[in-house]
Amino acid sequence: MVTGTSILCSAGTELKDVWNNISEFRTQYESRNLLNNIESFPVYKTPTINVEQWFSDKQINYIEEIGLLEDLDFLMLVVSIKKCLINASINPDICSHASLIIAHENLGVASLLNKINNLSLLKQPGNITFNDLKQEFYNIQSFAHLFYISKLFGIEGFTLTVNNACASGSYAIEVGSQLIKNKKSNLVIVAASDYAHPTEYLWLKEKGFCSDDQIRPFDKKRSGTILGDGAACILLESEEHLNKRGVDPQCFYIGSEAFQDSWRMTFPDITRGSYASTITKLINTYKIKSIDLLVPHATGSKLWDMYEGKQIETALKETNIKPNITAFKPYVGHTLGASSLLETVLLIECMKKSIILPIQNLEETDVLGIKENLVLNKKSVKINYAMKTVAAYGGFTIASLYKSI
């Protein structure tokens, strides 16, 4: 069961503010400098985070000691965990028996690259030594972040890092759920973050994945995505544990189905129908008769949106399910490794409020098979079941199902 959530993104760092801003369409991208500090690229920036508000002097000194006090990626991650624990009314003492799963694409990499860039402005590249970068190189090992965060929060349970590209958060939720179902843990913290780094932008731009205009999911004029900073945390808790604490869940996590495509790193095998079969299998496994909301990956990419749309169309025909379909990236940007968890938090907010936000920047669709399902205006509707789906780089395909209280 989900008993706590938090989110940090361009729309705000408090869940209430994020919802108010995106529901009133008060969110937009800004510019961030590339590594040479001359050119810039569009990004949905997260507001400045006041770390002192959330951690003690001793904890802040520790973060500085491990070389991560200037790492916005790490700071977003730990602040999102702190805020989620507060949201779930978790006493810090309880964390000793909690488990931790970090969903991330590139832990420590942004900090390493920034340090290399800063040193290159001070030294000739040939004069940069390993000693200049030894802490940053150490921090790109995922076990280091597990140790640091466990130390900050006093976590002593099962810990794990998950890297399944943009689907990381959804995979992490499923792993956390399995820990609870198998009685290996009663409390699982699932957290994800991603700072939109210039190197990510340059790599994706080279692949033709980025837009300098707008994110237009399923729109005929879509031209790519725009990156965003983001972090999110979801607390999973066993029924027995939350009953002891005397709290109510925010929603139920039902389960996921996943498929590993291995055709191409940057595009799935369209002949396999793996995305559609993943959705269909999830619906059939849990004998679901209707789904009120489906949130796909919806990056605004010309090819990926068409692929997603056709695969969803196939699944809906096979299961006779007719969900409302919306997309969140036009509100907060594409937050890469944090995206599926962050968008799941927004999906849960839609469930709690019985409101479906519309797809921004959608004027005319060429994905005709799901045209009638696409939400164009804010919609008030009771959401009993909601699904989050992702088809990510690396062939990671997953569909996850949630049920309202």
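A few points about this structure:
- Surface composition of segment 26-74: carbon plus sulfur atoms hold 43% of the accessible area, using a 1.4 angstrom probe and ignoring ligands, DNA and RNA.
- Per residue solvent-accessible surface (Å²) - the chain, probe of 1.4 Å: 42
- Considering only T285, G309, T326, and ranking their Cα positions along the charge dipole of segment 272-335 that arises from unit charges at the beta-carbon of Lys, Arg, Asp and Glu, the one farthest toward the positive end is T285.
- Here the scattering of the chain is modelled by Debye summation over its C-alpha atoms, one equal scatterer each and no solvent; at q = 0.08, 0.11, 0.14 Å⁻¹ the log10 of I(q)/I(0) is -0.40, -0.76, -1.26.
- Sorted peptide list for 304-312, 178-186, criterion being average Cβ within 10 angstrom, highest first: 304-312, 178-186
- Within the chain, the selection of entire DSSP H helices by a Cα span of 24 Å or greater along the long axis and an average Kyte-Doolittle value of at least -1.0 returns 302-319.
- Here the chain is treated with +1 on each Lys and Arg Cβ and -1 on each Asp and Glu Cβ, and its dipole about the Cα centre works out to around 1080 debye.
- Between segment 73-98 and segment 335-397, the alpha-carbon center distance in angstrom: 26
- Percent carbon-and-sulfur accessible area, segment 124-246, ignoring ligands, DNA and RNA, probe 1.4 Å: 50
- Top positive-direction residue, dipole computed over the chain with Cβ charges, set N87, Q214, N186: N186
- No disulfide-compatible partner, judged by a Cβ distance under 4.7 Å, exists for the following cysteines of the chain: C9, C95, C166, C210, C251, C350.
The values are calculated or read from the model by the stated rules, or taken from the named source; none is laboratory data. Computed from a predicted structure; not experimentally measured. Using ideal geometry, Cβ is built from the backbone for each residue, glycine included, and neighbour counts are taken over all protein chains shown. Note: accessible area is taken over every heavy atom of the protein model, side chains too, but ligands, DNA and RNA are not part of it. Shrake-Rupley method; radii C 1.70, N 1.55, O 1.52, S 1.80 Å.
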